[in-house]
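Visitor: Structure in structure tokens, see below.
The values are calculated or read from the model by the stated rules, or taken from the named source; none is laboratory data. All of these numbers come straight from a predicted model, not from anything done at the bench. Here the Cβ positions follow ideal geometry from the backbone for every residue, glycine too, while neighbour counts run over all protein chains shown. To get the accessible areas, we keep the full protein, side chains included, count just its heavy atoms, and leave off ligands, DNA and RNA. Shrake-Rupley method; radii C 1.70, N 1.55, O 1.52, S 1.80 Å.
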Amino acid sequence: EAQVTQNPRYLITVTGKKLTVTCSQNMNHEYMSWYRQDPGLGLRQIYYSMNVEVTDKGDVPEGYKVSRKEKRNFPLILESPSPNQTSLYFCASRYYRADQNYGYTFGSGTRLTVV
Amino acid sequence: AQTVTQSQPEMSVQEAETVTLSCTYDTSENNYYLFWYKQPPSRQMILVIRQEAYKQQNATENRFSVNFQKAAKSFSLKISDSQLGDTAMYFCAFMNIGNQFYFGTGTSLTVIP
């Protein structure tokens, strides 16, 4: 089954404790992205990657890191989480070429709470 | 910069009735793609329908159809014969040829039995 696998689904952590949210896709998509969803703000892009070893900042990158060492994996790292990073996070992937583009396939989301 | 506007934060509809969710966008480009995503309480983001700007024909997927008005930069979603399972947050999204993707802030739809 074609899918984006994101883990964990729920995470409660304390301020300053480093964490990683994993994301893996099995569709050979070039493009991967991380979004955060907050009430009234919709989905805002944190980071994206157009291919292996190519990453760039989205609209709200502060406090986050990513890496793309393999095509299928795109982990999101919070080096020192703060309460304002409490949010619902989505990993998503798609083909890069616009004419191949059927939109994003999303992971099932990670509800992160930082206390 | 492109923007996507969903002016209806919340809507409700009686079961079996028809409802239309509005979406407008701002772009100076001629070729682009538009999407509607559904997010039910399970929070999974599900692609509902996709429209290519160069196609004049409105996309349809079973009970879901769009009214794409390119000149007006409008992309509304019509849900016919609404079902309880249609209760969800709906996001309109825009993608340009340069691969930038933009989401609206969402419309929360409740289907009333």
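Visitor: Please go through region A:71-87 and give me each residue that is open to solvent by 10 Å² or more (accessible area, probe 1.4 Å) and either within 14 Å of another protein chain (Cβ to nearest Cβ) or not in a helix (DSSP H, G or I) (or both), ordered by number.
Guide: Across region A:71-87, the qualifying residues are A:LYS71, A:ARG72, A:ASN73, A:PRO75, A:ILE77, A:GLU79, A:SER80, A:SER82, A:THR86.
Visitor: All but one of (1) assigned to a strand (DSSP E or B); (2) more than 14 Å from every other protein chain (Cβ to nearest Cβ); (3) loosely packed, with under 15 Cβ neighbours inside 10 Å hold for A:SER24, so report the exception by its number.
Guide: (3)
Visitor: How many residues are open to solvent by 50 Å² or more (accessible area, probe 1.4 Å) and within 12 Å of the chain's Cα centre (by Cα) if we restrict to region A:1-21?
Guide: Summing the residues that are open to solvent by 50 Å² or more (accessible area, probe 1.4 Å) and within 12 Å of the chain's Cα centre (by Cα) in region A:1-21 gives 3.
Visitor: So which of A:GLY40, A:GLY103 is assigned to a loop (DSSP other than H, G, I, E, B), free of Cβ contacts under 8 Å to residues at least 12 places away in the same chain and open to solvent by 60 Å² or more (accessible area, probe 1.4 Å)? Let's see the steps before the verdict.
Guide: Numbers: A:GLY103 fails: open to solvent by 60 Å² or more (accessible area, probe 1.4 Å).
From the options A:GLY40, A:GLY103, the qualifying one is A:GLY40.
Visitor: Residues in region B:8-27: is at least one free of Cβ contacts under 8 Å to residues at least 60 places away in the same chain, within 23 Å of B:ASN96 (Cβ to Cβ) and more than 14 Å from the chain's Cα centre (by Cα)?
Guide: yes
Visitor: Now, a different point. Within region B:33-113, considering only strands (runs of 3 or more DSSP E) that don't extend past its boundaries, which have at least 1 residues that are more than 14 Å from chain A (Cβ to nearest Cβ), open to solvent by 10 Å² or more (accessible area, probe 1.4 Å) and among the small types (Gly, Ala, Ser)?
Guide: Counting at least 1 such residues, we get B:64-69, B:74-79.
Visitor: Look through region A:54-64, keep the residues that are in contact (Cβ under 8 Å) with a residue 12 or more places away in the chain and loosely packed, with under 15 Cβ neighbours inside 10 Å, and return whichever of them is nearest to A:ARG94 (Cα to Cα).
Guide: Among those that are in contact (Cβ under 8 Å) with a residue 12 or more places away in the chain and loosely packed, with under 15 Cβ neighbours inside 10 Å, it is A:VAL54.
Visitor: Could I ask something else about it? Kindly check whether there is at least one residue in region B:4-15 that is of a type in the set (D, E, K, R), part of a strand (DSSP E or B) and either within 14 Å of chain A (Cβ to nearest Cβ) or under 26 Å from A:GLY109 (Cα atoms) (or both).
Guide: Yes: region B:4-15 contains one or more residues that are of a type in the set (D, E, K, R), part of a strand (DSSP E or B) and either within 14 Å of chain A (Cβ to nearest Cβ) or under 26 Å from A:GLY109 (Cα atoms) (or both).
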